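Okay, structure first, notes after.
We did not get these values from a lab; they are worked out from the coordinates using the rules stated. Worth saying up front: this structure is predicted, and the values here are computed from it rather than measured. Every residue, glycine among them, receives a Cβ derived from its backbone with ideal geometry; neighbour counts consider all protein chains shown.
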Amino acid sequence: MEITVIGAGAIGGNLAAKLSAAGHDVQVADARGPEAVRAEVLESGARAADLADAVQGRDVIVLSIPFGVAGQLADLFASVPDETVVIDTSNYYPGMLSEPIEAVDNGQVESVYTAELLGRPVVKAWNAALAETQRTKGVPAGTPGRLAIPVAGDSEEARKVAMSLVDDTGFDPYDAGTLADSWRQQPNSPAYCTELTLDELPAALAAADRAKDVAIRDSLPERFAALGANPTVDDVVEMNRAAHR
C-alpha cells in the first residue's frame, strides 16, 4: 500500500519504519520539513517528503501528531479523496501534552473531536500501546503471547485496512467497534498501554469507566514520578495495570 505518516516522533517514526520494512511504500512528512525526519526512520526504505505533497495519491495517511492540532491540516486534507483511510494515533493529556480542550473535557470522544477538526472520518489505532512497546515487542502473526492493539472506526472497510496494518507492525489487531466507542482505548483505560493479548483485550475494553479512567490519567505525573529515574517500559506497563487493580 502507499502510506504517508505525518509526524516523525517516537510513534510516527516507528510506524514509518515498520510499515516500510513490511513492504509498503511509505513517505514521512513533518511540519518542520523533510530534514526533521531522523535518519533511522528512513533506514527501512521510507522516504522523507514535503507535507503538501505527501497526502496526494496515497491509500492511507497516518496522523501521528499532537492531540488537538489536526485542524491545522484541514485545508490540506480538503483535497484528499474520500477513499483514503486516515488513521489517528493521538492521545489527550491536558496540562501535560496539550492545553485543556473544553469539548473533550465535557465528554466528547478524542478521535471524534479529531475527525471534526480534520473535516473527515478517521480510524483510531496504535494509540493504546507505548512507543517502546511498539518498537520492541512486535512479533510475527501466530507467535504465542502476541500483544494486541484495538482499532476503532465507523467504516468497516477502513477498520479492516487499519487492522491489516496493525498486523504488519507485529501486533494482533482487535476490532473495537465504532469511533464513538474508542473512548474505551483512551488514556488511562484498562486497555491503554497495559500490553494485553487478543484474548485479554476484550474484557479490558469492556471494563473501561470514563470517570475513573480520566482520574487515573490525571494522576499520571505523580504516579510516574514514583517510579524513580529511568523507568523501563515494563515498569510503566505495570504502573498502568496496577491503577486498575
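A convex hull fitted to the Cα coordinates of the range 71-187 yields 109 cubic angstrom per residue. Figure legend: label point modelled 7 angstrom from the Cα of Asp53 along Cα→Cβ; residues of the range 1-17 with amide N under 18 Å from it are 2-8.
Relative to the longest principal axis of the Cα atoms of the chain, helix 10-21 runs at roughly 60 degrees.
Looking at the range 183-245, what % of the alpha carbon pairs are farther apart than 20 Å? I get 22 percent for the Cα pairs in the range 183-245 exceeding 20 Å. For the chain, the residue among Pro140, Tyr174, Ala70 whose Cα projects farthest onto the positive side of the dipole built from Cβ charges is Pro140. Springs join every pair of Cα atoms under 10 Å in this Gaussian network model of the chain, and among Leu227, Leu15, Leu198 the largest mean-square fluctuation is at Leu227. Expressed in units of 2.2 N^0.38 Å, where N is the residue count, the Cα radius of gyration of the range 13-142 is 1.08. Counting every alpha-carbon pair across the chain, the share separated by more than 29 Å comes to 24%. For the range 106-121, putting each phi into the Karplus relation 6.51 cos²θ - 1.76 cosθ + 1.60 with θ = phi - 60° gives couplings of 8, x, 5, 5, 3, 6, 5, 4, 4, 4, 5, 4, 6, x, 6, x Hz, in residue order, rounded to whole numbers and with x for Gly and Pro.
In the elastic network of the chain, a GNM with C-alpha springs shorter than 10 Å, the most mobile of Gly12, Gly170, Gly142 is Gly142.
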